[in-house]
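The next block holds one structure in the form of structure tokens; read it before the comments.
Here, each number is a calculation from the coordinates, and none is a lab measurement. Treat the numbers as computed from the prediction; the structure is a model and nothing was measured. Note that we place each Cβ from the backbone using ideal geometry, even for glycine, and neighbour counts take in every protein chain shown.
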Amino acid sequence: MAGNRIARFCLFIIALLVIGGSMGGCWDKREAEDMGYVRATALNSAPSGKVLLLAQVPNPATFAGGGMAAITPGASQDAKAYRNFEAEGSTVFEAIRQLAIQAPRRLFWAQNTLIIFSEGLARQGIEGHLDFFERSVEIRRRLNHVLVTPNDPRVLLDVPAPHETVPGGRIERIIMQEQQTSRFAVVSLSAFLRMLATEGQDAYCGVVRAQKNPARPALVQQVNAPEPALTIEMSGAAAFRGTRFAGYLTERETQGLLWARNEIRGGPVTVPSPSGTGRVTLDILRGKGRIIPAIQDGRLLATVEITDVVAELVQSEAPLDLTRSEVLRTLEHALAREIEREVIAAANKSQALGADVLGVGAAFHRKLPREWREIKENWPEIFPTVEITASAEATIRRMGFTLKGITIKD
Amino acid sequence: MNYAISIVLATAILFVPSITAEHARQDAWLSLPLAGAFGALVTYIAVRLALRFPGETVVQYTPRVLGPVIGKLVGFIYVYYYLFVAYFVQREFSELMNAAYLERTPMIVIIIVLTALAVYLLYQGLEVLCRVNTVVLWSMIGAIFLIVMFGIKEVRLEEFLPVLDNGPGPVILGAVAPGSWFGETTVILMLMPFILATDQPRMVKFNLLAVLILFLVLQMIVVAAVGQFGAEQAATKLFPTLALARHVDIPELPIFSRQDAVFMVFWVAGMLFKLTTFFYAGTLALAQWLNLKDYRPLILPLAVVITALSFHAWIDIAELKSFSGEVFPFAISFVQFFLTGLILAVAVFRGIRPQPGKGGGT
């Protein structure tokens, strides 16, 4: 029994030593309140080939109950809801660590959702910078959106607004509304990397801009909270050739691109009314797109086939008698033609830019792998010569709460 | 059965999907049925052999089957095989923890913590291990299932085209790694005496079922990884399953994003069980090889030995990963398939039966 007690005592001493000794050596301890949660990261080119990195860090204190300053009567100004830190570095990581000489908290990238490249930097190619984001342990590849901006990120990420005060958060909220319009591309880092890696597919991503706020009146009457001079807007897409920015797609072209990529989940399309006067607007509910490649007599053909489009009639400027089914058929026909024109617009632009963002080459690779082997080496030269056509089919399933539209007495 | 699944699953899901995708690209999903068939064959051989000598372990009967000298030698290969897998597990575990979560913690600390737990479990015995395992395994499979389901909308079927772009060669190459992992069920050669005599006849069915479930889970992961990342991206990822867990994003339910730590809880437990099992098998095998009455005195010394080995056997994660793709499958398949098959063949040929009085379970 005595031996047992001595053994127990020894164990107790060993446990004390181990626990006590390890107290001072907790390597990866991080406290939530010591972290600076980066919401948005923007990269711009700096002179001498360096990179300028801007990190947006919200101030959590301003989120709780609207911020103390706002409730305190007489407080002249709210605490700023975020801080933008900028640093220059020869590489992205250099710049990130350089931020630590001004940021009071350890910057943490797991909550980052936006990676914004300035157009100038994107023109030089982003391969080297992307590597950091692909490799990073903190960055979540699916939860980050890749964006290009024509603006200076300093301006873009400091556009004020009374609601959604943090610009990064605002951009993210706008991105969540993408299905309402389908007029800008939403591409996660993961999808962007996948496009870069896929044979016969060039990458594209969304575009974010700081625009002059059209809602701001010429004569500002409000003293406290006038409409801000600038507003943030997502619009169109940026096409890449390899990892270099090649050009922008307009909103209409982007819609066509999304059709071909089978990424349309909504958005309005307006066509001339079958009654001859006015226009009819249809809201897309769903639809499918795919690219069907073919080789005929040595010519490369690609048909973008849009099927199963279901739309809702949301507005008709002139009264339409929808009890007659041929009216609906005419509308469906018009909708299908308009979708085809959008797709062709996207195809023409991508061929003009020499950036195969639709993935025509990838379609050849998948459907005609043997032929693809012969053309893939020269694909960048061949792609602009591919004859791309579009064929769409659409049905209008719903028409709101009225069949004939407003009746006006004769 | 549970046990057989979890001892393979934990490490298989770490590297195997990307090793397979590296070879077979978009045809990775075709590699797995091949691997599954090979795994089933290996398992069948191993269980048949184990059932021929139901009261003994492989180390005990090989000298009788192959003759004392060669038998002892082969027995030692088995001892080493179990310990080898054990320290491979230690290293894989610590590499992932180091890379993804505990960047600054020295690797040796992570290994020691895991090994200390395994040692504790070994002193507790096999039964405790199996009971806890039942809980953890099904939670892990549930977690994997949820991860795959959450991402199912993102799986793009066109990523799997064109089928057999580079012929069947790469598909077969891609099957090598998962095939050898499935064969790790040969640990049954050490565990058979501890299975109730009444359950023993059902072991063939149980183990084949385990391989089937393993195959399904791994297939699910491979399809999700290739479909979501594309074949090229899936092949370059170091930890594809963790990447899948981190990929979960349901915009309407942001609570499910960034929950990879929950998945890691089960994975860590799975790794612990795998380590403990192979460590147990290795310790027991060595004790029997040395004709010791009890394996317990060997636990601590062997723990130190495998910890040192795991630390020194590979330089870095790049080497570990190529090792698990190019060397590990062949090394363990040699034992699992070739040696086990050989012993069975010789035993059948020479008509060697268990010694009287040693039959039946314990």
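Points to keep in mind about this one:
- Taking each residue as 0.36 nm, the span from B:Phe338 to B:Leu102 lengthens on full extension beyond its C-alpha to C-alpha distance by 81.0 nm.
- Test item: B:224-233 mean partner chain Cβ contacts at 10 Å: 4
- The simple Förster model, with R0 at 56 Å and r as the Cβ-Cβ distance, assigns B:Ala116 and A:Asp158 a FRET efficiency of 0.60.
- Additional length obtainable on full extension of the chain from A:Gln211 to A:Thr277, 0.36 nm per residue less Cα span: 20.4 nm
- Vicinal HN-Hα couplings computed from phi for region B:216-233 (Karplus, 6.51 cos²θ - 1.76 cosθ + 1.60; Hz; Gly/Pro x): 5, 5, 5, 4, 4, 5, 5, 4, 5, 5, 5, x, 8, 8, x, 4, 5, 5
- J(HN,Hα) series, region A:313-328, from Karplus relation 6.51 cos²θ - 1.76 cosθ + 1.60, nearest Hz, glycine and proline x: 7, 10, 7, 10, 5, 9, x, 10, 9, 7, 5, 8, 5, 5, 5, 5
- Computed about the Cα centre, the dipole magnitude for chain B is approximately 1420 debye when only Lys and Arg (+1) and Asp and Glu (-1) carry charge, each at its Cβ.
- Positive-end ranking of A:Leu335, A:Ile306, A:Ile396 along the dipole of region A:252-410, with charges on Cβ about the Cα centre, is headed by A:Ile396.
- When chain A is described by a simple charge dipole with +1 on each Lys and Arg Cβ and -1 on each Asp and Glu Cβ, the residue from A:Gln221, A:Gly206, A:Ala32 located farthest towards its positive end is A:Ala32.
- Other-chain or far-sequence residues with amide H under 5 Å of A:Leu300's (modelled H): A:Glu387
- A:Val309 long-range amide H proximity, modeled H, under 5 Å: A:Lys288, A:Glu393, A:Thr395
- Summarising the label geometry, the points placed 7 Å from Cα in the beta-carbon direction at A:Phe9 and B:Leu164 lie 7.7 nm from one another.
- Peptide B:90-103 has a mean shielding of 1, counted as Cβ atoms of other protein chains within 10 Å of each residue's Cβ.
- Those residues of region B:102-139 whose amide nitrogen sits under 19 Å from the label point placed on B:Leu212, 7 Å along Cα→Cβ: B:138
- Acute angle (nearest 10 degrees) that the helix B:2-24 long axis makes with the longest principal axis of chain B, alpha-carbon atoms: 50 degrees
- Angle in degrees between helix B:28-52 and the longest Cα principal axis of chain B, rounded to the nearest 10: 20 degrees
- Using just its DSSP H runs of length 4 or more, each adding -39500 (n - 2.57), chain B gives a mean residue ellipticity at 222 nm of -24000 deg cm²/dmol after division by all residues.
- Violating pairs (Cα-Cα greater than 20 angstrom) within the set B:Lys237/B:Lys321; A:Lys367/B:Lys237; A:Lys212/A:Lys349: A:Lys367/B:Lys237; A:Lys212/A:Lys349
- Per-residue HN-Hα couplings for region B:135-142 [Karplus 6.51, -1.76, 1.60; θ = phi - 60°; Hz; x = Gly/Pro]: 5, 5, 4, 6, 5, 5, 4, x
- Rounded FRET efficiency, nearest 0.05, which uses the C-beta distance separating B:Ala331 from B:Val305 and R0 of 30 Å: 0.95
- Between B:Ile172 and B:Phe256, the distance separating the two model label sites (each 7 Å from Cα on the Cα→Cβ line) works out to 4.1 nm.
- Convex hull (Cα only) mean projected area of the protein assembly as shown, reported in nm² to one decimal: 46.8 nm²
- Simple label model, 7 Å out from Cα along Cβ direction - A:Asn348 to A:Thr307, nm: 2.8 nm
- About its Cα centre, the dipole of region A:211-358 is roughly 420 debye, where the only charges are +1 on Lys and Arg Cβ and -1 on Asp and Glu Cβ.
- Top of A:Gln201, A:Gln111, A:Gln102 by mean-square fluctuation, Gaussian network on chain A, Cα under 10 Å: A:Gln102
- Gain on full stretching of the segment that runs from B:Thr198 to B:Val155 - 0.36 nm per residue minus C-alpha separation: 11.0 nm
- Here is how the number arises for chain A: DSSP H runs of 4 or more residues each give -39500 (n - 2.57), the sum is divided by the residue count, and the result at 222 nm is -9500 deg cm²/dmol.
- When the Gaussian network model of chain B links Cα atoms closer than 10 Å, the mean-square fluctuations of B:Glu319, B:Glu56, B:Glu252 top out at B:Glu252.
- Residue among A:Ala229, A:Ala79, A:Ala260 with the largest mean-square fluctuation in a Gaussian network model of chain A, springs linking Cα atoms under 10 Å: A:Ala79
- Semi-axis lengths, Å, chain A, gyration tensor of Cα atoms, sqrt of 5 times eigenvalues: 48, 32, 23
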